[in-house]
Amino acid sequence: MTSGSIVVPMVLWGRHAPTHCISAILMTPDMKHVVTGCNDGQICIWDVSDDWQVCPRSLLFGHSAAISCLANGSYSPDQQYIVSSSENGEMCLWDISDGRCIEHTKMPAVHTDIMAHHFRSSKAMRLLCNGYYPEVLILHPQTFEILHSLCSRVAPDWISASCQIQPPNRQDDVILAISNSGAVKVWTICENDSKVKLEDESKQIRSLNAQTLTCCPFNQRTVLIVCSKYWQVYNFEQLCGRTVHGIYDASDFTLLCSESNRCGERWAGGHFLSVDRVVVWSTEGRGYLYKLPTNANPESGEYHRSHHQTTVHAYYVLDVYSNQSPACFPALTFFNGMGEKKTGGLLLRGDSEGRIVIWQVPEVSEKQMTLVRQESFDRLPALMPKLCTTLQDLWNYQDCFSPGVLDGLCDEEEGPLKITSTIYIPSQGKLVCGRENGTIVIVPAVNCIMRQLLAGTARDKEIPMKMLAGHEGRVTCLLYPFNDCTRYEPNHLLSGGQDFSVILWDINTGVRIHTFTVHGGMLDQLIVPPANCNPRILQSVCSVASDHSVALLSLKERKCVMLAGRHLFPVKAIRWRPLDDFMVVSCTDGTVYVWQMETGHLDRVVHGITAEEIVNNCDENALPKETLTNPSLTLAQALKRRNLATFRNLAQQKFQTNTAQQVCTQGPKHEFIKPTGFPLLVQGVRTNTKDPDAHVLFFDTESLIVQLLSEEFALLSPGELEARGLSSGPLMDRKMHEGDVGDAQQKLAGFIAKAKETAENVTQKLQAKMDQAGVPQPLTQADGTPLTKSLQRPKHITVEPGPGDSLIMEIAQLFTSCLHAWGLDPDLDRLCVNKLGLLKPRCPISFGLLSYQGHMSLMLPGWQGSAHNPHSGGEPGSHRSMGMTGGAGVAPDADAPLISFGDNGGNSFRQPKPTLLAQRMGSVPFDDAHYSTDETDSEGDTAKTDVKVVRKVERPPASPQPPRLKNTKAYSFGTSTEACEYSTKVRWQMSSAITTQHLLSVISVANTLMSMTRASFLMMNNPHHILLKRDVQVHGGITGLDTGEAGDTNSDEDGEAATLAQAQVKQGWSLLAALHCVLLPELIGTLHYRSPQLEMLARRWQDRCLEIREAAQALLLAELRRIGAQGRKMVIDEWAPFLPTRVDPKISILSEGGKEDEEEEEEVDQMLGGDLMSKTSVSLENRRRQATAIVMLGVIGAEFGQEIEPSRSKAQEGKKAKTGKTQEGFNMSNYSLARQTSRALTFLLLSPPSSKLPAYTPIRRAAMDLLGRGFTVWEPYLDISSVLMGLLELCVDAEKRVPSVTYGLPLTPASDACRTARHALLLIATARPPAFIITLAKEVARYNAMAQNAQSQHTQMHNMALVRAAPEILHVIEMLVDKMPNDVADLIIEVMDITMHCLDLNQLKIRGLQDLFPAICRFSMVSFCTNTKRIWVGAKSGGLALYEMKQHTKCQMIQAHHGPVIAVAVSPDGKFVGTFSHLDQRIKFFQTASSSIFSIGSQQTKCVRQYTTKEITVGPLTNILKLVRLVWIDNRTVVMLTVDGSETKFSV
């Protein structure tokens, strides 16, 4: 998957529950969740309802070893955190609300017990850890930082158990621990203690290998120590009169009572129930309740007297009485019952069957205790559990269990066979599954998944399937080498089985090519060697078997190249040293074997630390460096040691030299990021080696969008390519010859040429047949384009696609169908099914969430049942149906529009027009007009649909409900209604992180499909649909060859119908995006909606994928509007403290210089590029929060801040009018946040690149964008000149960096920054044209002054941004002339100064102003003389400016009129200039010619004649620019043309 992209996992579990052998169990403080960790490294989250119904919610993946202990990570109800630790030292902090991994580390210490306590000294929760090390560690629960290390002065040994004691009336904490040898140790923790602390007291007692150590919470005086063979209660007295080294006297640690273990059992732990009662559990999973003798009760008068063994009394046993013995010891723990349910103590048990059992410990009175003593002589009374269930029981109980990927396709008589291995081939879209009977099934992955998850035509579609049979026993591993490297044959598939063989298959024909039988055990793994091995190894694969052997199998030679079989223990990992021709084999006992691949010689066997270093230093992707690996190594030594790097570097240096010379001669290229990810990956996953494969689907949103756009361009017809300018001869040829086209563009250009040539041949054949049939040709213009819009694409001829061309569309159909919020609007659902081609889910879909370093949570089937609230149906806002005015049985009005969104709270949804995103938000980021302004719209004007108009579409006569599915065999997945209920309510209340990911994905994909011409999925399901009939022919080749003979009389109707259907499809995607972006919260209701994370959206504000970026921006703005002013104030209060106000090089983002580690640089580079939280240093985390705060406050200020004066942009005026009240901190009375935010944005724009803040990071792009969006808010606090110069510096070579069409490929960070800077410049120019023009005019004047006085710095002057970005300045001026001509006319002199600076004077003399920059010549007060090469401009102040063709000179200004000069014209011979001003009603003629060479220009130009004109009426709506124009008809006569059509002649 692509790094930093949005990846949405989904999972198909199948009918078998995953194995969950529980090794640790925990209940959260609110008693709503049970957390279990298993020996395979997974963690299961169980939901506990108020009536004690348990349902598994999700399974967490991330640990690579067995879970050893679990603990709470927070007691706050807003932070449902747990901490897990595994047997290899890994520690994770999880958010159990969504399964997100927040923190991860691997410690050298392995913990056996972790307990969360609230420490008085730090006034916060801390983790108390002990394990296989001689200290007690106190960790921070959210960073895992070691705060205190409690060491031993006397008899240091591993600590077996520990606990915390909080003495009354004191503000410190006491830690009590016992070592394996039975030494009790005491530490006192104060607020300012050092990190390493020695014990205060130590005493040896007779308690070896203690399991647990618990202090009585009711009196803080007795301690329960449980060992495997006995448990003991000790006195731990507080001596008020005398103290020894602190608070407690360890010498008073005396034994009060003891109890031995029962026959066949060993004690595992215990806890106090009250002052005189304890619960103790054994390794067999039983719990026993004991009453302590009176001498162990501090409240009794016999306390502290000598004890008797017979005085301990057992009165209850807690057991499940199962006949089946567990595979491993059950895990038990005691919970005090502090939650809302107000229960007593709970004993929790988890066993190897995935069963959790909960007993509620009863309160037994003394009278009942007496009866127990009398009645139970030989057997204790048993307490029935309050709850007992397993994962498989819940799996079987569910009506809608998660289907398997092959269910119903190739089932045997007794049911589906278990899938034992899986591999996905993304290039072909095929899924290869090995099964337990030795067969291999090859099926199209997307079709199979759609059959299992979606209703409709996906169930009826015939799925091609191929079955390979060759193994005896189950298939254990599969490998498609072409997935890893293209050096392998694309038709080769390898499979390893239980029969010790490896089979090479031809995946296309299903033929077995060869069978390798070199191993003596079951195959465990097949691996591809790295790409820089020697040529013989490059055609081989590596196989690992259960007999500890490793082989290299050559696919080219069909034989075993090397067999390494001397390993004494199972193989754990394979590493490579390709430059030294070494294969490094690591075994489970820590031994490392180093083999030479070419000869098969065992080079060495290494143990211990050296072995770890060798494994860690293996780099299979190492490339030869420019210098020799070891310069002192001679060629003879290199040959002897087989060091291939020495030989390769000699050739590599020569190759790199030649390559560098070639690169230097090439021209610039457009910078694209070539996508490396696939839109869909299918991964087989299992929790235990004996389990069948479940299948996880990873949807990469960015890769899907990129490939959709790439396919859109690949399938365009020649007419559309010509319309978009993609295949125009001169343009494409020029780009190809200039060498500025990327590889992707070159490939596409080649494809376009072939497509165009093929299409032209077919067009000639079509035309010939049409001529024979007598069909009239359509009327065309002079350039050949059709006059009628419906005839722009009369036949839509496309090249017949290959078999995999619809794969991307199928993936998009599956992805969008699963993510869409079904059931909120029946009309929109019908539109999605009938027009867009989406399919409703037929069963609840189990989603997942990826977090840091590949940690993943997957939802388990059935959790949606526990989330349904039976009492929520009648509550307002819980579930409102859109588009229905009456009850469920009321038929909708046939004349009303198809889709309508009401804006009156949901009371009346049937409106004549829909309330779309444009009306709700005040901007139109998702309407068709937004996407048809550039070259993404191939239909031209016909595809531009007004978002405020909903076209009527034929309604289906039947009920809108989809047809019911037939239950095949024993599979019953429930109805689509339940699936819709799940997608409507339950999915949006999982967590904010999942809501954010799903909304970003569905909105960005919907926008992408809306911008495409072939955006309906019906083409894959219904080949006779109207969109295919005339618009798209994909599977039938070139249609129209047979229909041409019958005539083309209905072509107009078909063209109009296709255009209407296309418009409906585009509007359908627009409505779908609007539903998810704006309307979702109010339709679902606050009770069922977890709003998106603002922080995650802020970090996606400048995502590298443009569609995801726009979706994140729209979602963030919609959410900020939804929460209102009060909610925004809470957001400001949360993030304002992180806004950097002063420069601290260690923690502030506003700092320069300083070097960080490379790892931190990479993470800073993606500071705002992703959502995955990573383990970072404190300073880096502070800078990341500062960056998020800058974006968050910048967005709030730009959108909701108070402007100094209204913006000139109409769109922004409407946007500001809808926001209403300005936000506190960004208004005139309180502008502190506006000033701080503007300073931070300016610093991010202008600061030079550094290690902490690289050049083209997303935070810098966000600063540019926000400076442009909120320029009217930041303007009083900005240095406008510096901002404009900084943006212009980034816009240098913009035409080369940012091409008009990117073919769906994301730009590089540098090009993306250039595009963002261009957009920000346009926003600033349109918001404040006077500020933009005046600032640039001042910079031009300053530059001219410097150029005249500093000739020595000539080279440096040409490198200034004002010179290098001249084309971009002209582009902005041209845009201002087009959109805001009045503002430009008011400052026409300054605009002309800027224009003269940017234009090439030599070209201006040759081509003239009208040809070089025609935009400025649209003004009647600008005139260029082709004879004298002078430019005359009339000013608003009444002056007349003369521009000579000289470098760095000022214009010469004379006073011509008392009012604005609105018309200027120069005579053809250049001797006279006519000017007109409507205020003084005069037309004047100035003589410009002079015989004096050395005279000054102002002395040459003088008024020779003037006339008084008639009064011209000027109203408030009169366009001054079009009022008057002067036209010379000869050298002495001028005609004045007025707007009313009158003409008046004047002569000089």
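Charge dipole of segment 507-604 (Cα centre as origin; +1 on each Lys and Arg Cβ, -1 on each Asp and Glu Cβ, all else neutral): 220 debye, rounded to the nearest 20.
Protein chains only, probe 1.4 Å: how do S817, S322 rank by accessible area, largest first?
Working: S817 0, S322 65 Å².
Result of the area sort, largest leading: S322, S817.
Of the cross-linked pairs K1379/K1471; K1338/K1446; K1522/K1545, those separated by over 29 Å at the C-alpha level are K1379/K1471.
Computed 3J(HN,Hα) for segment 1003-1015, one whole-Hz value per residue from the Karplus formula 6.51 cos²θ - 1.76 cosθ + 1.60 where θ = phi - 60°, is 6, 5, 5, 4, 5, 5, 5, 5, 7, 8, 8, 10, 9, glycine and proline marked x. Per residue, the accessible area of segment 1364-1484 comes to 39 Å², computed with a 1.4 Å probe over protein heavy atoms only. Here the peptides 448-454, 224-230 are ranked by packing, the mean other Cβ count within 10 Å, and the order with the highest first is 448-454, 224-230. Take the alpha-carbon centre of segment 427-491, take the same for segment 1356-1431, and report the distance between them in whole Å. If you average the Cα positions of each part, the centres end up 64 Å apart.
Of the residues L1245, L1479, the one with the largest accessible area comes first in the ranking L1479, L1245, computed with a 1.4 Å probe on protein heavy atoms. Each Lys or Arg adds one and each Asp or Glu takes one away; over the other residues whose Cβ falls under 11 Å from the Cβ of G590, this sums to -1. The separation of segment 1237-1270 from segment 1050-1124, counted between C-alpha centres, amounts to 28 Å.
Here is the P(r) of segment 114-209: all C-alpha pair distances, binned every 10 Å from 0, give 17, 53, 26, 3 in whole percents.
Shape of segment 43-192 from its Cα gyration tensor (a ≥ b ≥ c, root eigenvalues): rounded if a/c is under 1.5, otherwise prolate when a/b > b/c, or oblate? Note, shape of segment 43-192 comes out prolate. Which entries in the list K32/K106; K386/K840; K690/K840; K229/K572; K835/K985 go over 31 Å, if you measure between the two C-alpha atoms of each? Distance filter (> 31 Å) returns K386/K840; K690/K840; K229/K572. Working ranking of peptides 1098-1105, 708-715 by packing, defined as the average number of other Cβ atoms within 10 Å per residue, highest first, is 1098-1105, 708-715.
The values are calculated or read from the model by the stated rules, or taken from the named source; none is laboratory data. Computed from a predicted model, the values in this text were never measured in an experiment. Positions of Cβ are backbone-derived with ideal geometry, glycine not excepted, and every protein chain shown enters the neighbour counts. In case anyone asks, the SASA skips ligands and DNA or RNA and just uses the protein heavy atoms, side chains included. Shrake-Rupley method; radii C 1.70, N 1.55, O 1.52, S 1.80 Å.
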